[in-house]
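Bear in mind that the values in this text are calculations on the coordinates, not laboratory data. The structure displayed is predicted, hence computed values, not measured ones. Note: ideal-geometry Cβ built from the backbone for every residue, glycine included; neighbour counts use all protein chains shown.
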Amino acid sequence: MELNETHLFREGGCDVGQGYEERGTTENSKGNGRRKKLNGRMKSKIKHEALKIPMISAQALADMVQSTSGISVSERTIRNALHSDGLHGRVPKKKPFIS
């Protein structure tokens, strides 16, 4: 805790006032988090391609994104985008052949 001019401890509300003086508003400032590589439009395009060609690989989708938008993304990013849309890799259950 810091001491102010009257040698009293600053309270938590003083930070709000300081932010108001600096920015002119009491709203929170924009976060500095990592920016998303894929926007919503690109994610929906990836989902559309995956539904159109169910056996397409994540690497092929990453290459498609690279060629259309110029954004280099990894296979894991493609899989995360598909998982968020509810598309997961499935393997059919092995069943014995009936002869």
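Below is a table of values for the structure above.
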read-out	value
Subset of segment 23-49 [under 19 Å from the mean Cα position of the chain (by Cα) and not in a loop (DSSP other than H, G, I, E, B)]	Gly40, Arg41, Met42, Lys43, Ser44, Lys45, Ile46, Lys47, His48
Positions within segment 59-99 being part of a loop (DSSP other than H, G, I, E, B), surrounded by 12 or more Cβ atoms within 10 Å (Cβ to Cβ) and either more than 17 Å from the chain's Cα centre (by Cα) or touching a residue at least 24 places away in the same chain (Cβ under 8 Å) (or both), in sequence order	Ile71, Val73, Asp85, Leu87
Answer residue from segment 25-58, given it is among the hydroxyl-bearing types (Ser, Thr, Tyr) and surrounded by 11 or more Cβ atoms within 10 Å (Cβ to Cβ) and is nearest to Gly70 (Cα to Cα) among those	Ser44
